[in-house]
1. Per-residue HN-Hα couplings for the range 665-672, Karplus 6.51 cos²θ - 1.76 cosθ + 1.60 at θ = phi - 60°, whole Hz, x for Gly and Pro?
2. If I model a spin label at Glu748 and Asp703 as a point 7 Å from the Cα along the Cα→Cβ vector, what separation in nanometres do I get?
3. Using a 1.4 Å probe over the heavy atoms of the protein chains, calculate the carbon and sulfur portion of the accessible area of the range 765-843 as a whole percent.
4. On the accessible surface of the range 8-90, probed at 1.4 Å, how many percent belong to carbon and sulfur atoms?
5. Can you work out ³J(HN,Hα) from phi for every residue in the range 615-629, in order, using Karplus 6.51 cos²θ - 1.76 cosθ + 1.60 and θ = phi - 60°, giving whole Hz and x for Gly and Pro?
6. Applying the Karplus parametrisation 6.51 cos²θ - 1.76 cosθ + 1.60 with θ = phi - 60° to the phi angles of the range 812-825, what ³J(HN,Hα) value in whole Hz is obtained for each residue in order, glycine and proline being reported as x?
7. Please work out the FRET efficiency for the pair Thr468 and Lys599, using the Cβ-Cβ distance as r and a Förster radius of 30 Å; give the result to the nearest 0.05.
8. According to a simple spin-label model (label point 7 Å from Cα along Cα-to-Cβ), what is the distance in nm between Arg680 and Glu71?
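The values are calculated or read from the model by the stated rules, or taken from the named source; none is laboratory data. Worth saying up front: this structure is predicted, and the values here are computed from it rather than measured. Note that we place each Cβ from the backbone using ideal geometry, even for glycine, and neighbour counts take in every protein chain shown. The protein model used for the area step is the full one, side chains on, heavy atoms only, and it has no ligands, DNA or RNA in it. Shrake-Rupley method; radii C 1.70, N 1.55, O 1.52, S 1.80 Å.
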Amino acid sequence: MGEVYRARDTRLGRDVAIKVLPEDVAKDPERLARFEREAKVLASLNHPNIAALYGLEETGGRVFLVMELAEGEDLSQRLKAGPVSVEEAMKLGRQIGEGLRAAHAKGIVHRDLKPANIMLSENGTVKLLDFGLARAYQADDSSGDPSNSPTITAAMTQHGVILGTAAYMSPEQARGKSVDRQTDIWAFGVVMFEMLTGHRLFDGETVSDSVGAILHRDPDWELLPPATPRPLRRLLRRCLVRERAMRLHDIGDALIELGENDTDGGVAAPAPPPARRASLVPWVVAIVAVVVAAGMFFLRGDRSAPLPLRKLTVLPVTDRDGARLAAPSPDGKRIAYLSHDAVWIRELDQLTPRRVSDARGWGSWVCIWSPDSRSLAFTNDNALWRTSIDSSAPTKICDIPADDRFICGAWDAQDRIILGKWRGGLLEVSAKGGTIRELMKAPDELVDYHDLSLLPDGKTLLASAHLTGDSSGVDIVRDGKILHRLDLSKTSFGSVAYSGTGHIIFEGDPQGVWAVPFSLKTFEKTGDPFVIDADGSLSSAARDGSLIYARNVQRNPTQLVRVDRSGKVMGNMGDPGDGIRQPLLSPAGSLLAYSATDKGIDRLWMLDLESARARRVTLSDDTEEPWSWSPDGTRLLMSRWKANDWSFPENGLYLVDIAHGGTPERVGEGRSGQILPAGRGLLYWKFGVRNDDRLMWRTLDKDAKPNPFLPSVHAVEPALSPDGRVVAFVSDDSGVEEIWLARFPGGEGLMQLTQGGGGMGQFAWSRDSKSLYFTAHGALYQVQVTEGTQIRYGTPKQLFDGTPEQLSSSAGFDVLPDGSGFVMVQQLPLKDAAIVYVQNWLSEFQKRP
């Protein structure tokens, strides 16, 4: 990539490294401009394990980088003498991981991590070299064309790129696809393997040989030293999964594993700071030793004797999202749960859970135990996967069709996985793999099933039914046929399961975990429902009579905050509230509309930013959310929905006169919408029960007919630019929910903006219509949009990750009028919230009079 000189900075009195750029970079205006942009970003890196970039200079027609001088020997020189010890490999791995984590936190990917770019100083400090420069040197690879492979190009090989570069590429790099931080995680695994074994993992005589090995040859795990601790072996396997969706998602998780190895391998080194994602999982070491000892006793004791009543708080949680899934295995010995983009398994006689896989994309909460409790199936990135509880390498069962989204599932005795389709019926697939096929069409009165639980025969399903009109029921289903519908007036749509005690467990109304005696012969209830825990929700049960549910997660404490463009919270706006969402600033920036939960209903509020006083906008008892201000700031478009009745005829969009008050005026159907710039029309989302959502627009004239916008595209959540020329919206027509752009009103220039599931429907425009902001995977991004004969947009740029500040990426946000920052919703900690495990729960009620 150029010539490197040792130099002296006479102004600051320090030794530096100067790297002179090749002529094809220095004399190419486009590449040099891109290099300057990259250098500005790289200069922001300041970490002890990264060689700093001081500047980009030019003199006498020569362009060069001024960099920190990292002295010592690089890792490739060290490995010529053979492998390093397990202890040293973990020490070096922790420092490499810390450098990667610091860069990834700023959205910077190395792209060319290899031993030659890892400098070892005499005092044992690791310095990562050339961080992120691969992107600056290479041609633009945003197209994904294999001819634009980010590492192997003809130009680069002419400059003497060693074969080792190819040996450390990720599979996606080798295929010429776009890369992200998981590319660095793959290379991290390759480097760790080489340190431990002294062998290059994907070696070859030619570049083609190395690439072929990366794409097709499995690592020889037998080469690892016998002393390699089990957690370290597991880490390497997770780093070196070819399917990017199944690979270790965050380098911070690798640091957790390396920290655990301090005890397993006897390495005396301080544990690394908690990883960013791990900080959101405080239950990793949550159980005190006394409770663990009790759990080991009843899990390993004599099961022939009646089990005593025991209650364990197994997973403290800080937000409801952390409690969305906690499914006990059928034998009651372990729990699977979802936490912040990952599936975990917790053995109830162990202190620490095991991360099984990433879990991203729609339906990632579907997590299903096999009847023998030895395997787990789950959805991730539009595929269904399975893993053995003894294995760290999930295997794909099948791809999920683009039009299908699953919200529940069960694994029956015939080794079939039955899946409940969102806004549809049931589908099935063999657990060994195959094609998904339809098992049962949804009858007219069924919207979808929200929970599936097997009865003891292993083939009959207990299904929580969401019925039209927002009512609910419990269906008994076998082989795709409804045998019986049980009317439980207190049940909600979800959390219905059969308990081995002979009861149906369900989340009911009034709020709480309920139980009702149930006959397997008649499929009828045999007694009255009763409350198990009034503070419980999200319940599930095992066949041994144990019970899992969440406590104290019904509330959703939140705070409106002002955030600058780096993600720093600058101050609160108004008082805290429950379930605040959809903040929407008026055109003048003096008023802030939002919705907040009160007694289980989302109500519309208005905050005066000058007086800091909030008031209810209407006195309705219906669910209300704000969506758009009129250009003059006098009217507000909101949605109104009758509680528990989606088919209520008065549901739809309403205009509220903020300036003069009065009764809101219904302006038509729609789940959300935007007022057109002139104030004389609406662009709105027409809600479809059968996954037929569409965008429509119409004038506000009486009896005006709606016009379809992109009639062939399934689309939701429109966001119209202030100048009215470009629409951002969410569509899953590509197979996963993404953000798309198109011109309004004709739909020309249809273009997909995000990749890999970026469409959450939470985005906002700058006032000048030149920037679109959106949230994805906990972070906030900006993309420049230029509208001309066709839409042009830049590369989305991550502004900040909102996770450390607990900024909710799903609650909506708005841009401050001057573009200096944002109004966002901050998630406040839940108090005393936890996942509770109860053994022999019924015994407590049998003793009562």
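1. Calculated HN-Hα couplings, in order: 9, 6, 10, x, 6, x, 8, 8 Hz.
2. 3.3 nm
3. Details: 1480 of 3090 Å².
Here carbon and sulfur together make up 48 percent of the probe-accessible area.
4. Numbers: 2150 of 4650 Å².
Roughly 46 percent, rounded to a whole number.
5. 9, 6, 7, 10, 10, 5, 9, 8, 6, 9, 9, x, 9, 7, 8
6. x, 6, 9, 9, 4, x, 8, x, 7, x, 9, 9, 9, 10
7. On the way: r = 25 Å, r/R0 = 0.84.
Calculated transfer efficiency: 0.75.
8. Between Glu71 and Arg680, the label points sit 7.6 nm apart.
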